[in-house]
Each structure stands twice: as C-alpha cells, then as structure tokens.
Amino acid sequence: MRAAFPWFSKKKTKQSAEDSEQRSANKPWKAFLRGAFSGVEKSARVDEAFFTELEESLLASDAGLKFSALFLAGLREELRQKKILDKKHAAIISKDLLKSWLRQGSLEFSKTKVPVIFFIGVNGVGKTSSLAKLAAYLKAKGFYSMLGAGDTFRAAASEQLSFWAKRLGLPIVKKPQGSDSAALVYDTLESTLAIKDKKSEEAVIALIDSSGRLQNKVALMEELKKMLGVAKKFEERTEVFKILVVDATLGQNSFEQAKVFHENLGIDGIILTKTDSSSCGGIVFAISHELKLPLLYISFGESLENFSPFDVDSFVEALF
Ligand SMILES: Nc1nc2c(ncn2[C@@H]2O[C@H](COP(=O)(O)OP(=O)(O)OP(=O)(O)O)[C@@H](O)[C@H]2O)c(=O)[nH]1
Ligand SMILES: [Mg+2]
C-alpha cells in the first residue's frame with residue numbers, strides 16, 4: 001500500500017498522530033508573534049526594543065520587508081494617536097491591524113450554474129490533497145463532487161486522486177499519463193453536467209486538479225490557460241473558480257508565485273496549506289493585502305479533516 005501511495009510514506013505512531021491532531025485542533029499555526037508580546041500580563045511597556053523584537057518576529061515569520069514596515073508604521077501611528085504605552089493594549093491594536101489586512105472570503109455559488117473549481121499552484125504545495133479535503137468538506141454539506149484528474153503530467157497524480165475518489169465514494173474522470181489536460185477538462189465537465197441533468201435537485205460540483213510540474217512557468221501558464229479556455233465553452237451552465245493553493249512554508253517564494261498566477265490567470269481566492277508545519281505563514285499577510293486576494297480555506301495537516309474555512313479572527317488570535 002505504501003509503495004502504491006507514496007504520499008502516505010510518513011507513518012505516524014499513535015501517540016504522535018494524537019499529539020498532532022490535538023495541536024492542530026487548538027493551534028494549527030505557530031504563535032510567531034508571541035515572543036514580541038511576551039510580558040503582556042505584567043503590563044510591560046512599549047519601547048524601541050519592543051518594536052525591534054516585533055520586526056524580527058515578523059521577518060522571521062516571512063511576512064516580508066514591505067509588509068513588516070507597513071505594519072510597524074501603522075502600529076506606531078495608532079499607538080501614538082491613542083497614547084498607548086503598554087504592551088497589553090498594543091497587542092489589541094496589533095490584532096485589529098492584522099485582521100484588517102487579511103481578506104477572508106468564501107465561495108459564493110450561484111443557484112443556477114454548476115460550480116467548477118480549479119486547483120492551481122506549483123508542485124508539492126498541496127493541490128491534490130486540498131481538492132480531496134474540499135470534496136470531503138463539501139460532501140458533508142450535501143454536495144456531490146466530480147473529481148477531474150487534471151494533472152496528466154505524472155502517472156502518480158491520477159492514482160493519488162483515484163485513491164481519494166474511492167475513499168470519498170465520488171466519481172473521477174482521468175486519462176492516461178501524457179494526455180491533453182484540456183481534453184480532460186472537457187470530459188470532466190461533460191460528465192458533471194450529465195450527472196447534473198440526472199440529479200437535477202442535487203448540488204453537483206466539479207473539482208479539477210492541475211499539474212504544478214511542467215518544465216517552466218510559461219508552459220505551466222499556457223497549459224492552465226488552455227484548460228480554462230475549454231471550461232469557458234461550458235460557461236452557459238457553469239461558473240468557474242480558480243483557487244490558488246499556497247504552501248505556508250515557502251515564504252517569499254509563495255508571494256512571487258501568487259503574483260505570477262494572479263497576473264496570468266486571475267485567481268479568485270486562496271487555500272493556505274501546511275500551516276501546521278511552519279512558523280513562516282506570515283507571507284499570507286503580504287499575499288492577501290498586496291494582491292487583494294481572499295483567503296478561503298486553511299489546511300493544517302495531512303488528514304481530510306485537517307481543513308476548514310479560513311477564519312481571520314482565529315488565525316490572528318493564534319499568532320500571539
Ligand atoms: N503537514 C501537512 N502536509 C500537507 C498539507 N497539505 C498537503 N500536505 C502534504 O504535502 C504533500 C504534497 O501534497 P499534494 O496534495 O500531493 O501536493 P500537490 O500540489 O498536488 O503536488 P504535485 O501534484 O506534485 O504538484 C503531501 O505529502 C501532502 O500530504 C498540510 O496542510 N499539512
Ligand atoms: Mg497533485
């Protein structure tokens with residue numbers, strides 16, 4: 001089984017799996033700002049050392065120079081205006097500022113059209129597993145998903161998605177390795193609409209995977225544009241959402257990637273993954289603020305249930 005499904009290679013002991021689930025349930029991401037705000041209980045004062053430590057924490061979390069500078073300038077100004085001198089109140093102001101910089105969003109499905117969601121991103125960020133997690137999440141909400149194995153570049157990719165389809169009891173459209181991924185989109189949407197015609201009362205949706213692994217960025221963008229072009233042929237009956245999957249551990253790279261994908265394809269929102277294994281998720285502030293992209297879902301582990309709609313309040317609270 002492990003040879004056939006190499007992405008399950010990390011076998012956990014019972015104890016460590018439980019520990020990790022416990023951690024995920026409580027704090028899916030690391031409290032990277034806690035250090036700077038330590039001493040809050042003792043009414044510690046805000047001084048230059050505080051700002052320096054805060055800046056170091058932000059940079060260490062990969063929030064990026066530009067965002068960190070913006071945040072610190074905003075915070076200094078707020079504290080000055082409100083004459084706040086203690087860390088306890090500075091923490092409250094900081095949380096409000098950080099929350100105002102993150103855009104939380106949700107997928108709003110039209111009542112008349114069949115939603116089609118593309119999972120986009122560079123290799124290894126968590127596209128395929130996020131697709132499975134969203135299928136499971138939507139299944140619990142009464143949606144019936146058709147899975148499209150749009151990563152035709154690697155043989156293991158459609159195997160991986162077939163595994164999830166079987167586990168979730170959902171249909172999948174796949175093609176042999178090396179097939180045209182645009183043709184895969186066509187077949188997936190035809191099958192999805194055929195199901196919709198049969199089950200007219202049901203909420204039917206298509207979730208389409210894509211490859212992150214083409215030889216270069218230009219080839220990848222062209223491939224994705226072709227896939228989206230095919231989806232456009234079905235626009236009378238479908239509405240397309242392009243979700244960018246962003247790996248929280250990749251720091252500044254994630255920002256550059258998000259920028260390129262957004263410029264080329266027009267991204268609708270973000271799934272942030274691997275927030276359980278990183279203290280570097282700070283880049284999400286720059287992505288959300290500078291690119292004005294809403295955060296839709298967050299993934300915080302490898303199992304299906306380690307996934308939920310993104311919640312700005314709990315995300316920011318957990319940083320302190
Ligand atoms: N710890 C942790 N691991 C994750 C998370 N999301 C995905 N992974 C793991 O990251 C690895 C890559 O995930 P995939 O879903 O295969 O990523 P992908 O973007 O489809 O990768 P390619 O198809 O190779 O481009 C797998 O081992 C996943 O189990 C997460 O939120 N937390
Ligand atoms: Mg994949």
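Of note:
- Under 5 Å from the amide H of Asp86 lie the amide H atoms of Val46, each residue being 5 or more positions distant or on a separate chain, with H modelled from the backbone and absent for Pro and chain starts.
- Under 20 Å of direct C-alpha separation, and excluding same-chain neighbours fewer than eight residues apart, Lys199 reaches these aspartates and glutamates: Asp187, Glu190, Glu235, Glu236, Glu239.
- Rounded to the nearest 20 debye, the dipole magnitude of region 72-151 is 280 debye, with +1 charges on Lys and Arg beta carbons, -1 on Asp and Glu beta carbons, and the Cα centre as origin.
- Backbone amide hydrogens, once placed in the peptide plane, bring Val173 within less than 5 Å of Leu147, Gly148, Ala149, excluding anything fewer than 5 places away on its chain.
- Between helix 155-168 and the chain: long-axis angle, C-alpha atoms, 0 to 90°, nearest 10: 90
- Distance between the pseudo-spin-label points of Ser308 and Asp187 (7 Å out from Cα toward the beta carbon): 3.8 nm.
- When each of Lys88/Lys292; Lys175/Lys233; Lys141/Lys292; Lys226/Lys292 is checked by Cα-Cα distance, pairs over 23 Å: Lys88/Lys292; Lys141/Lys292; Lys226/Lys292
- Between Ser277 and Lys226, the contour length at 0.36 nm per residue exceeds the Cα-Cα span by 15.0 nm.
- Helix-derived mean residue ellipticity, 222 nm - over the chain, DSSP H n ≥ 4, -39500 (n - 2.57), to 500: -15000 deg cm²/dmol
- Sparse packing (at most 14 other Cβ atoms within 10 Å of the Cβ) combined with a DSSP loop state is found for the following GluC sites (Glu not before Pro) in region 230-288: Glu235, Glu236.
- Cα centroid separation, region 51-93 to region 97-145 (Å): 32
- HN-Hα J in Hz across region 291-304 - Karplus 6.51, -1.76, 1.60, θ = phi - 60°, x for Gly and Pro: 8, 6, 10, x, 8, 9, 9, 10, 10, 9, x, 8, 8, 4
- Positive dipole terminus of region 56-134, leading residue within Ser110, Ala132, Ala91 (C-beta point charges): Ser110
- Taking the C-alpha atoms only, the angle from helix 181-198 to the longest principal axis of the chain is near 80 degrees.
- Low-density loop cleavage sites - trypsin sites (Lys or Arg not before Pro) in region 250-320, where at most 11 other Cβ are within 10 Å (DSSP): Lys292
- Listed peptides 76-88, 150-162 appear in the order 150-162, 76-88 once ranked by packing, highest mean of other Cβ atoms within 10 Å at the front.
- Against the chain, whose longest principal axis comes from its Cα atoms, helix 48-60 is set at around 20 degrees.
- Most positive-pole-ward Cα, Leu207, Ala156, Ala231, against dipole of the chain from beta carbon charges: Ala156
- Annotation for region 110-147: trypsin sites (Lys or Arg not before Pro) lying in DSSP loop with at most 10 further Cβ atoms inside 10 Å of their Cβ are Lys111, Lys141.
- DSSP beta bridge pairing in the chain, given as percent antiparallel to the nearest 5: 15
None of the figures in this text is laboratory data; all of them are computed from the coordinates on show. The model shown is predicted, which means the values in this text are computed figures rather than measured ones. A quick note on method: Cβ atoms are made from the backbone with ideal geometry, for glycine too, and the neighbour counts reach across all protein chains shown.
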